[in-house]
Every structure is written in C-alpha cells, then in structure tokens.
Amino acid sequence: MSKQILYTISLLLIQIGYGQENDVLDFSEYLGYVKKYHPIVKQADLIINESEAKLLKARGSFDPKLEVDYETKQFKSTTYFDKLNATFKIPTWYGIEFKGNFEKNSGIYLNQENILPDNGLYNFGITVPIGKGLLINERMATLKQAKLFQQQAKVDNQILVNNILFNASKAYFKWLKTYQEKITTREFLENAKLRLNGIRKSYEYGEKPAIDTTEARIVYNNRKLNFEKIKLEHTKATLELSNFLWINDIPVELKINIIPNLDLLSSIDETLQTNQLNEELRLVEHPKLLSLDYKYKSLEIERRLQKNDLLPQIDLQYNFLNETPESLNTFNVENYKAGLTFRFPLFLRKERAELNLTNNKLQTINFDKQSMLLSLKNKINSIKQEIISYQSQISIIENIVSDYHILLKGEERKFEIGESSLFLINARESKLIESKLKLIDLNNLLLNSKGKFFNILAINNY
C-alpha cells in the first residue's frame, strides 16, 4: 500500500475521532461520510449526469444546420455539369424552419430546371407545417421529455441515496447494540471475577464452603463464554459498518478505539429529520409519487404527439429568389419558389395502436399512484404505532432494570451479613443482566423503527 493511501486512511481516522470524547464516531458524521464517499451513492449520481446528457442531446435537435452538396462530372475534356448547393437551416420550436440557400450550376448537359444565372442564385424561405407537426413535433416532445427526465432523475436519486443511508443506519444501529451488549457483559464478567476471587479467599480462611467456589467459577465461566460470543458479534458488526466507510474510492476499516454514540436516541430524530411523527405529512411531495408524476407527464407529452400523428402532414414552403442579396430592395414576390407536401396514411392503424398503448400506460400509472399512496399511508401509520409502542416498552423496562438493581444491592448487603447465599445473588444478577440486555434490544428496535420511518419518507437532507 502506498504512502499516499496510508496517509489518506490515517487522515480519515483522525478526522473521525478528532474532537470527539473517547474517539466517538457520531452517527451524523458517519452518514456524512457515507453520502460523500460511498461508491453506490456516486453511482446514483450518474442518473443525474445521464439526464443532463439526454437534455443536451434533445436541445441539439434545435441546432442550426449547414449542408453543402457539390457534384461535378468531367468526361473527355468536357464538363457535363458542375453543381453546388449550400443550405443553412434554422429549426424553431413550433416546427417552423427557416432556410437560406445558394445554388450555382454550370455545364453543357444541365437539366433545364438547373440552369441558373452565372453568379448563382440565392433563396431565403420558410417551411411551415399546417397539419401534423405544428403545435407539437418530435423535437419539441423530446426536449420536454428530457427536461422531465432530468427532474425525475433527481427524485430517483434521492430515493436511491435514501436507501443507502438507511442500510448504513441499520449497520450503525447494530454496531451500537453489540457494543452496548459487550460493555454490559464485560461489566458483569468483572463482577463475577471479583466475586470468584473473594469467595476463594473466604474459602481459604475457612469462612465459605468449597461448593461456593465451584458455583462462583461456573458463573464466571458462563459469563466469560457469553462475553466471547458477544465480542465476536461486535467484531462482525464493526466489519459490516466498515463496508459503508470509504474515502477517495478506498475502503476504510475502523480503529479498535473508535466507539459509537451511546446517547444516540436523544439526537436520532434531528439527524434523520424524523421529527414529523405528530405532524401532518404532505405525501403528494413524496419522491416516489413525484417520480410517477414526472413519468405520467412524459407520457402525456407522448400522447399529444401521437394524437398529432393522426393529422395529415401538410407542409408549405415559400422561398424568395434573388441574384443580388446585398440589395434588399431587389427582393420581391414575383421571384419565388413554392411548394406543398401532403402525406396521410389511409387507415392510421399504427398511429391508433400506439395511442391506445399510451392511454393504457397512463391508466396504469394512475393505478400505481393510488396504490402507492395508500401503501405509504398505511406504512407510516404502522411505523408511528411501532415507535410509540417501543417508547412505552422502554419506559417499562427501565423501571424493571432499576428495580432489579435495587434487589441485587439489597441481596448483596444481606450476603455480607450472612443472611443470603451466593445462589440468590447470582439469580438476582442474572435477572438484572437479562433486563439490561432487553433494554438494549428495545433501544435497538426503536432506532431501527426510526430508520424505517426515515426510509419510508425517503428523506435526504444531507
């Protein structure tokens, strides 16, 4: 690994731990790194880049065009013909096209219609569709759809980034849960070790029977075994969290001394912007519904274009002809070239079929919007009830933990004066451990519920 890469990784780890007590990796800081550096987030940004490229391509349909057509024929020292035709076209929004043209022909075998003045002939004119292509045409529709696709790409990008942040959040919550379990089991492991050492000394002094040392050793080894299991789970959760930490396309592994924010519940709503639990949500502005709206509008443009295809194509052309374009007063209506183009398919089977297909697509999107709106409402109501329930359960388990702690302290005092047994102390402590781990689990479930609420609302405020 190069020195530059090592320096970059070290810099990230310093930034993560800098200014934080006990090298805490704060949740909001962590999500900031995920959004800025994670490769899938960068991949999601490509959707916006693609939409910008399509918009540029659509605008290119309105670029002026220069066309030059030159043809000559020489045979046996004879110039059969020498023809030059240069045209400059300017397409406009409503299908009208302006055109400037210069023609110069010579040769002894020219068709009569191609015989022009010696200095060539200029013509300036206009082509106007008065049927198909006037109010909407392929160029106009493509540009409008490209603009809608660009807006749709932004909300689709928000949904994709939100999903990445949601998955990253779940990894952080798991990391926090396993860390809390690790420090809790380590604390009670130390208690069991101290108690074992104390019982051994009491046994050596003849104050306690040998069976008490056996019981204390069993408790200690069981807790040591549980601690090793939880330590392994925490290591796996740390590696899973590291999957979301990148900088400059380099994956980063957390240092062992970096820990999660243990007071995350107090700031989670502010970080995820989930303070809307008791507020009326404007679901019409939800990114998934907005994406369907943009898709619907794009199909409406396509339907307008297909309705326009049912009209006959009638193009009128008119061109002023002039030998000396530098003199404006030489332009007059007596010298001109005009024409009319008419096209109309007799049965319109293809056009009518395409219009019917688009109408079906529009109806499908309407059904999708209704279904999605109902689904979002139900999911939001469900998650609200879930959050309220977990908050209530946490309040109850906190009281239980407090009561078990009081019982344990009381039992320990009774043991000190010889009115209790090691078995009762271990039983009280086991219940306290169980309730503390249950509290950690409920806190994790509450955090995950808030993460799901963040994901359902497709929030992306980073």
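The values are calculated or read from the model by the stated rules, or taken from the named source; none is laboratory data. Since the structure is predicted, the reported quantities are computational estimates derived from the model, not experimental observations. Cβ sites come from the backbone with ideal geometry, for glycine too, and all protein chains shown count toward neighbours. Each accessible area value is taken on the protein alone, full model and side chains, heavy atoms only, with ligands, DNA and RNA left out. Shrake-Rupley method; radii C 1.70, N 1.55, O 1.52, S 1.80 Å.
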Which number in (1) among the aliphatic types (A, V, I, L, M); (2) at pLDDT 90 or above; (3) assigned to a helix (DSSP H, G or I) marks the one condition that Leu316 misses?
(3)
Quick check on this structure: which one of Glu386, Glu398 is open to solvent by 80 Å² or more (accessible area, probe 1.4 Å) and more than 21 Å from Leu292 (Cβ to Cβ)?
Glu398
Can you pull out every residue in region 401-440 that is surrounded by fewer than 16 Cβ atoms within 10 Å (Cβ to Cβ) and either in contact (Cβ under 8 Å) with a residue 40 or more places away in the chain or not in a helix (DSSP H, G or I) (or both)?
Ile417, Gly418, Glu419, Ser421, Phe423, Lys438
Taking Lys231 as the residue in question, decide whether it is within 30 Å of Ile164 (Cβ to Cβ) and open to solvent by 50 Å² or more (accessible area, probe 1.4 Å).
yes
Just to be sure I understand, how many residues within region 52-70 are in a helix (DSSP H, G or I) and either open to solvent by less than 90 Å² (accessible area, probe 1.4 Å) or more than 15 Å from Tyr94 (Cα to Cα) (or both)?
10
Hits in region 79-114 (condition: under 60 Å from the mean Cα position of the chain (by Cα), more than 24 Å from Pro129 (Cβ to Cβ) and open to solvent by 60 Å² or more (accessible area, probe 1.4 Å)):
Lys104
